[in-house]
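A.B. asks: Input: one structure, supplied below.
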């Protein structure tokens with residue numbers, strides 16, 4: 001049984017007229033008649049009644065029609081899936097992200113990409129920037145959202161967002177009502193900070209900013225996640241310098257105060273191996289395009 005025979009059968013079943021069916025199939029009537037005869041031989045039953053009044057489906061034909069239509073539909077779906085995978089427009093991408101990107105950039109990318117490419121799945125893994133760099137170099141991630149300028153050779157990048165650092169204080173702290181704070185005002189406080197192993201760039205940057213302000217901070221907590229830093233501060237156990245986007249986490253018990261002298265901003269970069277976003281990697285290219293569009297939006 002051949003799919004071209006099934007196609008001839010379903011079209012003739014819809015038209016119930018050899019001339020019109022042949023026209024739709026871009027063929028003449030004799031090969032259409034031959035295809036129907038061969039299909040009937042394969043099935044072992046007559047599918048059409050042919051008489052002076054025209055063409056009609058037999059009981060066997062009526063029973064066979066929905067099955068034939070389903071087979072053709074499945075074949076078309078299989079072909080479309082194979083074509084999409086071959087063109088990189090279906091399948092799965094492995095994406096790494098550092099936690100704070102959940103508050104600035106990543107949700108917008110995910111929404112836009114899912115709407116435009118419903119057949120592409122993104123497998124998301126929360127990893128530190130350092131962990132993502134290792135995974136990217138070993139091709140265990142297709143793309144990562146990192147907070148570091150230490151980009152390995154052979155990788156392309158997009159600046160997704162840039163945001164200021166803010167002082168994060170317990171809500172009951174004596175300085176919580178200030179409009180702006182000099183960093184030196186926190187010199188006697190215990191600091192919560194991300195671990196150097198997790199985010200070496202920003203760990204060192206915070207320590208350097210404190211040194212520029214004339215003090216060495218007492219590190220009460222060194223944590224793996226920025227959200228953990230804010231959580232510790234919410235319990236009244238310290239203060240910290242955190243990216244402004246963490247205000248969106250909505251944790252009670254903390255306030256965020258701008259610094260009088262801003263630190264260098266907290267940047268989110270999207271990284272992927274150079275050359276993998278070309279025509280042969282349509283899925284990754286589509287995702288990179290979505291990232292570029294979000295990154296270009298104001299705010």
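The values are calculated or read from the model by the stated rules, or taken from the named source; none is laboratory data. Keep in mind that what you see is a predicted model, and the values were worked out from it rather than measured. All Cβ positions, glycine included, derive from the backbone under ideal geometry; neighbour counts span all protein chains shown.
A.B. asks: Could you tell me how many of the residues in the range 234-253 are in a loop (DSSP other than H, G, I, E, B) and surrounded by fewer than 18 Cβ atoms within 10 Å (Cβ to Cβ)?
C.D. replies: Count: 7.
A.B. asks: Of everything in the range 165-175 that's within 38 Å of the chain's Cα centre (by Cα) and crowded, with 16+ Cβ neighbours inside 10 Å, which residue is nearest to residue 136 (Cα to Cα)?
C.D. replies: It comes out as 165.
A.B. asks: Could you please let me know if residue 258 is at pLDDT 90 or above, surrounded by fewer than 18 Cβ atoms within 10 Å (Cβ to Cβ) and more than 30 Å from residue 120 (Cα to Cα)?
C.D. replies: So residue 258 passes the test.
A.B. asks: Considering every residue within the range 193-205, establish whether at least one is over 30 Å from residue 110 (Cα atoms), outside the structural domain of residue 146 (by TED's automatic domain parsing) and either at pLDDT 95 or above or buried (at least 21 other Cβ atoms within 10 Å of the Cβ) (or both).
C.D. replies: no
A.B. asks: Take the residues of the range 214-233 that are touching a residue at least 24 places away in the same chain (Cβ under 8 Å) and crowded, with 18+ Cβ neighbours inside 10 Å: which is farthest from the chain's Cα centre (by Cα)?
C.D. replies: Across the range 214-233, the extreme among qualifying residues is 217.
Every residue, every condition in (1) out of contact with any helix residue (DSSP H, G or I) (no Cβ under 8 Å at 6 or more places or on another chain); (2) in a helix (DSSP H, G or I), yes or no:
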| site | (1), (2) |
| --- | --- |
| 161 | no, no |
| 168 | no, no |
| 176 | yes, no |
| 184 | yes, yes |
| 197 | no, no |
| 232 | yes, yes |
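A.B. asks: Now a separate question. Tell me the residue from 4, 62, 67 that is exposed (fewer than 15 other Cβ atoms within 10 Å of the Cβ), under 49 Å from the mean Cα position of the chain (by Cα), touching a residue at least 12 places away in the same chain (Cβ under 8 Å) and in a helix (DSSP H, G or I), please.
C.D. replies: None of the other options fit; the residue is 4.
A.B. asks: Looking at the range 257-271, can you tell me whether even one residue there is under 21 Å from the mean Cα position of the chain (by Cα), assigned by TED's automatic domain parsing to the domain that holds residue 133 and assigned to a loop (DSSP other than H, G, I, E, B)?
C.D. replies: The answer is no, given that none of the residues of the range 257-271 is under 21 Å from the mean Cα position of the chain (by Cα), assigned by TED's automatic domain parsing to the domain that holds residue 133 and assigned to a loop (DSSP other than H, G, I, E, B).
A.B. asks: Filter the range 125-146 down to the residues that are surrounded by 23 or more Cβ atoms within 10 Å (Cβ to Cβ) and closer than 28 Å to residue 254 by Cα, then identify the one that is farthest from the chain's Cα centre (by Cα).
C.D. replies: Among residues in the range 125-146 that are surrounded by 23 or more Cβ atoms within 10 Å (Cβ to Cβ) and closer than 28 Å to residue 254 by Cα, the one farthest from the chain's Cα centre (by Cα) is 129.
A.B. asks: A further question follows. Any residue in the range 7-23 that's not assigned by TED's automatic domain parsing to the domain that holds residue 36: show its pairings with residues that are surrounded by fewer than 16 Cβ atoms within 10 Å (Cβ to Cβ) at Cβ separation under 8 Å, as long as the two are six or more apart or on different chains.
C.D. replies: none
A.B. asks: If we keep just the residues of the range 17-48 that are under 48 Å from the mean Cα position of the chain (by Cα) and not in a helix (DSSP H, G or I), which is nearest to residue 67 (Cα to Cα)?
C.D. replies: Looking at residues that are under 48 Å from the mean Cα position of the chain (by Cα) and not in a helix (DSSP H, G or I), I get 25.
A.B. asks: Next question. Among what's in the range 153-164 and is touching a strand residue (DSSP E or B) at 6+ places or on another chain (Cβ under 8 Å) and at pLDDT below 90, pick the residue that is surrounded by the most Cβ atoms within 10 Å (Cβ to Cβ).
C.D. replies: In this case the residue turns out to be 161.
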